[in-house]
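> Pasting a structure below so you can have a look.
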Amino acid sequence: MNEYDSNRILDLTKKINYTLTDNLSETDCYILNTCHIREKATDKVYHDIGRLKKVFRNKLKPIVLVAGCVAQAEGEILLKKEKYIDAVIGPQSYHLINDTIVELEKKSKSINLTEFDVIEKFDSLNSLKNSGSKISAFLTIQEGCDKFCKFCVVPYTRGAEFSRSLKELISEASQLVENGAKEIILLGQNVNAYNFEKKRLSDLILEISKIKNLKRIRYTTSHPTDFTKDLIEAHKNCEKLMPLIHLPVQSGSNKILQEMNRKHSVEEYLKVIEKIKKMKPNIEFSSDFIIGYPGETYEDFQKTIELMNNVKFINSYSFIYSARPGTPAYHLTSINHDDAKKRLADFQDTAERIKTKYRNNLINKISTVLFENKTKNENKYFGRDEYFNSVIVESKINLIGKIKNIKILDINQNTLFGEITSNFNQNNYAA
Ligand code: SAH
Ligand code: SF4
C-alpha cells in the first residue's frame with residue numbers, strides 16, 4: 001500500500017512541478033514514506049535523515065517530509081527530536097501535501113498533519129489521473145481496519161475502515177489498463193471487508209473483470225472472518241481472478257488467537273479453506289504468522305507448526321512478535337527473545353521445506369506467466385505465474401505484457417526458470 005501511496009504522492013506533486021529524481025544530492029524535496037507495522041521503523045527514519053544530512057552537509061537543505069504510519073503514530077516526537085524534518089504527514093492527509101510543500105518553500109515553521117481525513121483525501125485523489133504504468137498495478141480499494149487485533153497498529157495509524165466508491169475504482173482501474181496494466185492487485189488492510197453502499201469485493205471484482213484488456217486480478221490482504229460466500233463464488237465465476245489467496249492466520253493455537261482478538265478459531269479458519277477448495281480445488285494459500293506472541297508456550301507454537309504442515313501454505317511471511325506502542329498488547333510480558341528466535345527459525349525451516357517440495361513439483365510442468373519486465377541480463381524476462389511465483393525466461397522476442405505458457409525447467413529458493421512452450425497439455429498444467 002505504501003508503494004501505491006508513494007506513486008499517488010508523486011502524481012500529486014507533479015501538479016506543483018516536482019518530478020522524481022534518482023539523484024539524492026539534487027533533490028529539492030525529500031519525502032520518506034514509512035511503515036510502522038513492526039519495530040525499528042522510527043530508528044530507520046532517524047537513520048535515513050542522518051544519511052540525507054551527510055549528503056547535504058555543505059549545501060542548502062531540501063524540504064524534508066516524513067509521510068506514512070510512523071508520521072501518524074510518532075509525528076510530534078519526530079518533529080521535536082529531529083529539526084531537519086519540516087513536516088509529518090499521516091496516511092489520511094496526503095491530499096494536503098502540495099499546500100504543505102508550497103508553504104515550506106516560503107520557509108514557514110514545521111507542520112504536523114495527522115488528521116484522519118480519508119474522504120477528503122480520496123476526493124482530491126480521484127480528480128487526478130493515476131499515471132502508474134506498470135504491467136502489474138496496485139489499486140487501493142479500502143483502507144483502515146475495525147478489527148483491533150491486540151498486536152496491531154493499523155487501526156490507530158490508518159484509522160477506521162473506509163471503502164472507496166465502485167465508480168471511482170472502476171474509473172481508476174480503467175486508467176491503469178489504458179496505461180498498460182494487464183494485472184491489477186486490489187489492496188486493503190482488510191480488502192475483503194470492502195463495502196460501498198452494500199457492494200462487496202465480489203461485486204467490484206466482477207465489474208473490474210469487464211475491462212477488456214485486463215487479464216488478471218488479485219487482492220490482498222483478506223481477513224478470515226470476512227471471507228463470505230459471494231467472494232468464494234467469484235473465484236469460480238471470474239476467470240481473471242488468480243488462484244492464490246493470501247489469508248493471514250497468525251497462529252495455530254486457539255488460545256493465542258483468542259488472546260490476539262483475531263475473532264476466529266483454527267477450526268473456523270480451516271473451514272474457510274475447505275469451502276474455498278471445494279468450490280475451486282486448484283486454489284492455493286499463503287499466510288502471515290506471528291511467532292512468540294506474549295503467552296505463547298512451546299505447545300502453542302507446535303500447533304502453529306501443525307497448521308503449517310496441515311495446510312501446506314505455498315508461501316508464508318513470519319515475524320517475531322514486536323510490541324507496538326499504543327496497542328493493547330504493548331504492556332504484556334514478552335516471551336524470552338532467544339526462545340522466540342529459535343521458534344522462528346524452526347517455523348521457517350518447516351515453511352521452506354513445504355515450499356521447496358511444492359516448487360520441485362512444478363519442474364517439467366507448464367505455468368502460465370504474465371511477463372512484467374526485462375531483467376538486467378539482456379534477453380531474460382521476469383514474470384509471475386498464476387500463483388504469484390517469480391519466473392524468469394530467456395527470449396529474443398519482447399515478452400513484456402504478454403502471457404505465455406512456460407515449461408518450468410529449474411528452481412531456486414525464490415525463482416522458477418523455464419522456457420516458452422507451445423506444447424500445452426492440460427495434464428501437465430501446474431495446478
Ligand atoms: N489485515 C491483515 C494483516 C495486516 S498487517 C490481517 O489481519 O491478516 C500485516 C502482517 O504484519 C500481519 O498479518 C502480521 O503477521 C504482521 N504484524 C502486524 N503487527 C505485528 C506485530 N506487532 N508484530 C509482528 N508482526 C506483526
Ligand atoms: Fe491489524 Fe489485520 Fe488485525 Fe486489522 S485485522 S487489526 S489490520 S492484523
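The values are calculated or read from the model by the stated rules, or taken from the named source; none is laboratory data. What you see is a predicted model, and the numbers here were worked out from it, not measured in a lab. Using ideal geometry, Cβ is built from the backbone for each residue, glycine included, and neighbour counts are taken over all protein chains shown. With ligands, DNA and RNA removed, areas are computed over all heavy atoms of the protein, side chains included. Shrake-Rupley method; radii C 1.70, N 1.55, O 1.52, S 1.80 Å.
> Just list whichever of K40/K134; K380/K404; K167/K212; K229/K277 have alpha carbons separated by over 23 Å in the model shown.
K40/K134
> Quick check: from the Cα gyration tensor, does the stretch 57-168 come out rounded (a/c under 1.5), prolate or oblate?
oblate
> Would you please put 206-217, 15-26, 330-341 in order of how densely packed they are, using the mean number of other Cβ atoms within 10 angstrom per residue and starting with the highest?
So the peptides 206-217, 15-26, 330-341, ranked by packing, come out 206-217, 330-341, 15-26.
> Which of the peptides 124-137, 155-168 is most tightly packed, and how do the rest follow, going by the mean number of other Cβ atoms within 10 Å of each residue? Numbers along the way, then the final one.
Values: 124-137: 16.4, 155-168: 18.7.
Per-residue Cβ counts within 10 Å, averaged per peptide and sorted highest first, yield 155-168, 124-137.
> So, for the chain, what is the accessible surface per residue at a probe of 1.4 Å, expressed in square angstrom? Don't skip to the end; give the middle numbers.
Numbers: 20890 Å² over 431 residues.
Ligands and nucleic acids excluded, the figure is 48 Å² per residue.
> Magnitude of the Cβ-charge dipole of the chain, K/R +1 and D/E -1, about the Cα centre, nearest 20 debye?
880
> Moving to a separate point now. Which of the GluC sites (Glu not before Pro) found in the stretch 106-150 are loop residues per DSSP with 16 or fewer other Cβ atoms within 10 Å of their Cβ?
E115
> Based on Cβ point charges of +1 for Lys and Arg and -1 for Asp and Glu, what charge dipole magnitude is obtained for the stretch 133-229 about its Cα centre, in debye rounded to the nearest 20?
Details: 16 positive and 11 negative charges, 64 e Å.
Dipole size: approximately 300 debye.
> Another question, then. If I model the stretch 120-360 as equal point scatterers sitting on the Cα atoms and use the Debye formula, what is log10 I(q)/I(0) at q = 0.08 Å⁻¹?
Cα-only, vacuum Debye calculation for the stretch 120-360: -0.33.
> Related question: At a 1.4 Å probe, what is the % contribution of carbon and sulfur to the accessible area of the stretch 366-428?
42
> Okay, next question. Run through every distinct alpha carbon pair of the stretch 95-161 and return the Kirkwood hydrodynamic radius in angstroms, one decimal place. Working shown, then result.
Numbers: mean 1/r = 0.0679 Å⁻¹.
For the stretch 95-161, inverting the mean 1/r across all distinct Cα pairs yields 14.7 Å.
> I'd like to know which of N112, I101, I49 lies farthest towards the positive end of the charge dipole of the stretch 2-115, counting +1 on Cβ of Lys and Arg and -1 on Cβ of Asp and Glu.
I49
> When all alpha-carbon pairs of the stretch 366-428 are counted, what percent fall beyond 19 Å?
The proportion of pairs with Cα distances above 19 Å equals 20 percent.
> Would you mind telling me the antiparallel percentage of the DSSP bridges in the stretch 240-392, rounded to 5? Walk me through the intermediate numbers first.
Numbers: 7 of 17 bridges.
Within the stretch 240-392, antiparallel bridges account for around 40 percent of the total.
> For q = 0.09, 0.14 Å⁻¹, what log10 I(q)/I(0) does the chain give under the Debye formula with an equal point scatterer on each alpha carbon and no solvent?
-0.64, -1.48
> While we're looking at this one, here's another question. Express as a percent, rounded to the nearest 5, the fraction of DSSP beta bridges in the chain (both residues included) that run antiparallel.
Counting only bridges with both partners in the chain, antiparallel ones make up about 40 percent.
> Principal axis lengths of the stretch 260-392 from Cα atoms, whole Å, largest first?
For the stretch 260-392, the Cα extents along the three principal axes come out at 53, 39, 27 Å.
> Could you tell me which GluC sites (Glu not before Pro) in the stretch 236-300 are loop residues by DSSP with no more than 15 other beta carbons within 10 angstrom of their beta carbon?
Here the sparse-neighbourhood loop sites are E239.
> Classify the stretch 2-115 as rounded, prolate or oblate from the Cα gyration tensor: take a ≥ b ≥ c as the square roots of its eigenvalues, call it rounded if a/c is under 1.5, otherwise prolate when a/b beats b/c and oblate if not.
Details: a/c = 1.30, a/b = 1.06, b/c = 1.22.
Because its axes are fairly even, with a/c under 1.5, the stretch 2-115 counts as rounded.
> Sticking with this one: Roughly speaking, to the nearest percent, how much of the stretch 36-108's 1.4 Å accessible area is carbon and sulfur?
52
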